[in-house]
Amino acid sequence: MNTTVPTSLYAQRRARMAAQLGPNGIALIPTAPERPRNRDSDFLYRHDSYFYYLTGFTEPNAWLVVTGDGTSTLFCQPKDLEREIWDGYRLGPDAAVDALGVNAAHSVADLDTQLPRLLENRDTVWYPLAIHQGLEQRVAGWLNQVRARVRYGALCPEQQRDLCAVLDEMRLVKDAHEQDIMRRAAAISARAHVRTMQACARMLREGQDLREFHLDAELMHEFRMGGSQYPAYSSIVAAGANACVLHYRADVAPVRAGQLVLIDAGCELDSYASDITRTFPADGKFTGPQRTLYDLVLASQEASVAATKPGARFTDPHEAAVKVLAQGMLDVGLLDRNKVGTLDDVLDRRAYFQFYMHRTGHWLGMDVHDCGSYVEPAEVGTVSERKDPLSGETIKNRPSRILQPGMVLTIEPGIYVRPAEGVPEQFHNIGIRIEDDAIVTPQGCELITRGVPVKADEIEALMRG
């Protein structure tokens with residue numbers, strides 16, 4: 001539990017959610033289960049983001065129930081001094097009311113007894129759909145118990161609705177408290193990238209055997225020294241051709257002078273993620289072809305940053321980046337004008353997809369790919385169709401989300417050149433991505449991850465230090 005945050009913050013969130021349930025609605029929110037790793041230990045536990053957003057409570061085996069009138073009930077593990085010797089301190093129901101600001105708290109052992117009574121005479125039950133394995137079946141079991149009491153006058157909820165639709169909209173715009181945590185997480189991650197760049201160049205200068213996992217260890221050291229609880233996701237540390245594998249994981253591959261190293265890594269701090277990618281020369285000096293493509297990707301990111309502002313669509317930064325990348329691919333010869341035509345032809349036919357195949361950003365928050373619709377809610381009914389020029393699939397287009405202050409997203413264009421016929425050999429096996437985290441502000445956007453350099457000259461200077 002994060003004891004530095006006032007319980008009123010979570011109470012306010014519960015009240016905002018309750019106001020959208022309807023006066024006779026009820027919401028059920030479980031936290032994440034513990035998951036066994038082997039016969040005698042579990043994977044490192046991480047609570048459910050929705051549950052934590054409403055409670056600030058980090059213990060496993062807990063549930064939150066909120067009714068439309070704003071009453072909140074917590075079910076949590078009971079005090080058990082013997083188990084606490086093995087597993088650590090438990091808050092327990094008696095202390096939970098004051099500690100968490102809920103109206104009532106019970107042992108989770110009483111959940112199956114209490115839930116049918118709480119569901120009685122409600123018209124709608126809300127819970128996160130398709131997230132918690134087995135949850136739908138448990139709800140169905142509780143509702144069956146309510147139906148068994150209809151002869152005694154009990155009414156059973158007639159509707160089941162997805163609570164994610166409500167909570168996703170709430171979580172999409174970050175308040176000042178959330179933004180502060182995300183800035184601190186970004187600063188820790190930036191220091192980790194700086195440390196790793198410098199360690200890479202130093203170890204090569206000293207003639208040490210350098211592997212991708214050594215650089216991963218440098219990241220982890222700085223994350224934990226900065227106070228982060230976990231990595232926000234599995235770090236990507238990719239040397240040379242491995243950088244052309246989008247979801248590569250740090251492995252045993254050697255890191256050699258003359259290669260580029262792509263690192264996509266960020267820490268999680270107090271349940272909020274950061275997400276940074278930097279690509280740098282292993283020995284601290286870009287080659288000519290590496291610098292050519294690096295400067296192209298950086299120019300595309302600058303265009304994308306300029307397009308990230310209130311009133312813009314979520315797709316605008318991507319389209320700005322793609323336009324710069326596509327023109328650059330034509331200019332440097334990655335794309336043959338005689339085969340692909342003009343810039344407009346490249347964009348219309350998505351000919352750039354061979355070298356740039358992902359979107360330029362995603363929402364960021366409690367989860368590294370955070371919740372929130374990418375379609376503007378007021379325009380969801382506006383639909384057009386187009387045929388994808390590569391797959392031939394018919395795609396339904398809906399108006400993209402309109403950006404507003406407090407939204408947080410990544411900006412991460414890239415270029416990935418695998419050897420292929422017609423591709424200039426000097427660019428083979430070069431993979432580059434540059435990623436920063438942006439908070440949308442009233443004036444534009446604030447890049448919170450620039451504690452690690454991004455310009456090629458600055459990276460080289462840093463690695464000489």
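The values are calculated or read from the model by the stated rules, or taken from the named source; none is laboratory data. Note that the structure is a prediction, hence the values are computed from the model and not measured. Don't worry about glycine lacking a Cβ; one is built from the backbone with ideal geometry, like all the others, and counts go over all protein chains shown.
Residues in the range 130-140: is at least one under 32 Å from the mean Cα position of the chain (by Cα) and more than 20 Å from Ala32 (Cα to Cα)? No; the residues of the range 130-140 include none that is under 32 Å from the mean Cα position of the chain (by Cα) and more than 20 Å from Ala32 (Cα to Cα). Counting the residues of the range 14-43 that are assigned to a loop (DSSP other than H, G, I, E, B) and surrounded by fewer than 10 Cβ atoms within 10 Å (Cβ to Cβ) gives 2. The residues of the range 300-351 that are in contact with a strand residue (DSSP E or B) (Cβ under 9 Å, 6 or more places away or on another chain), within 19 Å of Ile415 (Cα to Cα) and either part of a loop (DSSP other than H, G, I, E, B) or outside the structural domain of Ile411 (by TED's automatic domain parsing) (or both) amount to a single one, Leu334. Among the residues of the range 331-352, those identified as surrounded by fewer than 15 Cβ atoms within 10 Å (Cβ to Cβ) and within 33 Å of the chain's Cα centre (by Cα) are Asp344, Asp348, Arg349. If you go through the range 148-172 and keep only what is outside any loop (DSSP other than H, G, I, E, B), closer than 22 Å to Thr71 by Cα and of a type in the set (A, V, I, L, M, F, W, C), you end up with Cys164, Ala165, Val166, Leu167, Met170.
Taken over the range 391-414, the criterion of being hydrophobic (A, V, I, L, M, F, W, C) and within 18 Å of Ala265 (Cα to Cα) is satisfied by Val408, Leu409, Ile411. Here Pro310 meets the list (1) farther than 28 Å from Leu390 by Cα; (2) crowded, with 18+ Cβ neighbours inside 10 Å almost entirely, failing just condition (2).
Annotation note: of Thr55, Thr71, the sole residue that is surrounded by fewer than 18 Cβ atoms within 10 Å (Cβ to Cβ), hydroxyl-bearing (Ser, Thr, Tyr) and free of Cβ contacts under 8 Å to residues at least 60 places away in the same chain is Thr71. In this entry, Pro389 is excluded by the filter for residues that are under 21 Å from Pro310 (Cβ atoms) and either assigned by TED's automatic domain parsing to the domain that holds Val245 or part of a loop (DSSP other than H, G, I, E, B) (or both).
The residues of the range 431-465 that are part of a loop (DSSP other than H, G, I, E, B), among the hydrophobic types (A, V, I, L, M, F, W, C) and out of contact with any Gly (no Cβ under 9 Å at 6 or more places or on another chain), listed by number, are Ile448, Val452, Val454. Residues in the range 269-303 that are of a type in the set (Asp, Glu), surrounded by fewer than 24 Cβ atoms within 10 Å (Cβ to Cβ) and either closer than 14 Å to Lys455 by Cβ or touching a Ser or Thr at 6+ places or on another chain (Cβ under 9 Å) (or both): Asp270, Asp295, Glu302. Those residues that are part of a loop (DSSP other than H, G, I, E, B), surrounded by fewer than 19 Cβ atoms within 10 Å (Cβ to Cβ) and of a type outside the set (Gly, Ala, Ser), I need them from the range 121-130; list them, please. Asn121, Asp123, Leu129 - these are the residues of the range 121-130 that are part of a loop (DSSP other than H, G, I, E, B), surrounded by fewer than 19 Cβ atoms within 10 Å (Cβ to Cβ) and of a type outside the set (Gly, Ala, Ser).
Residues of the range 160-183 that are under 22 Å from Cys267 (Cα atoms) and aliphatic (A, V, I, L, M): Leu172, Val173, Ala176, Ile181, Met182. Within the range 216-241, if we keep just the residues that are in contact (Cβ under 8 Å) with a residue 60 or more places away in the chain and out of contact with any His (no Cβ under 9 Å at 6 or more places or on another chain), the residue that is surrounded by the fewest Cβ atoms within 10 Å (Cβ to Cβ) turns out to be Tyr230. Hey, could you check the range 74-100 for residues that are touching a residue at least 24 places away in the same chain (Cβ under 8 Å) and in a loop (DSSP other than H, G, I, E, B) and say which is farthest from Tyr45 (Cα to Cα)? The qualifying residue farthest from Tyr45 (Cα to Cα) is Pro78.
Quick check on this structure: which one of Thr277, Thr292 is in contact with an Asp or Glu (Cβ under 6 Å, 6 or more places away or on another chain), in the same structural domain as Pro453 (by TED's automatic domain parsing) and either small (Gly, Ala, Ser) or at pLDDT 95 or above (or both)? Sole residue among the options that is in contact with an Asp or Glu (Cβ under 6 Å, 6 or more places away or on another chain), in the same structural domain as Pro453 (by TED's automatic domain parsing) and either small (Gly, Ala, Ser) or at pLDDT 95 or above (or both): Thr277. From the list Gln133, Gln114, Gln137, Gln145, the lone residue that is in the same structural domain as Leu64 (by TED's automatic domain parsing) and not in a helix (DSSP H, G or I) is Gln133. Which of the residues spanning the range 55-73 are within 29 Å of the chain's Cα centre (by Cα), within 15 Å of His106 (Cβ to Cβ) and part of a loop (DSSP other than H, G, I, E, B)? The answer is Phe57, Glu59, Asn61, Ala62.
Arg359 falls short on exactly one of the conditions (1) among the basic types (Lys, Arg); (2) part of a strand (DSSP E or B); (3) within 20 Å of Pro317 (Cα to Cα), and that condition is (2). All of Trp126, Trp63 fail the test of being in contact with a Lys or Arg (Cβ under 9 Å, 6 or more places away or on another chain), modelled with pLDDT of 95 or more and under 21 Å from Val139 (Cβ atoms), apart from Trp126. The residue that is surrounded by the most Cβ atoms within 10 Å (Cβ to Cβ), among those in the range 360-382 that are under 22 Å from Gly311 (Cβ atoms) and without any contact (Cβ under 8 Å) to a residue 24 or more places away in the chain, is Glu379.
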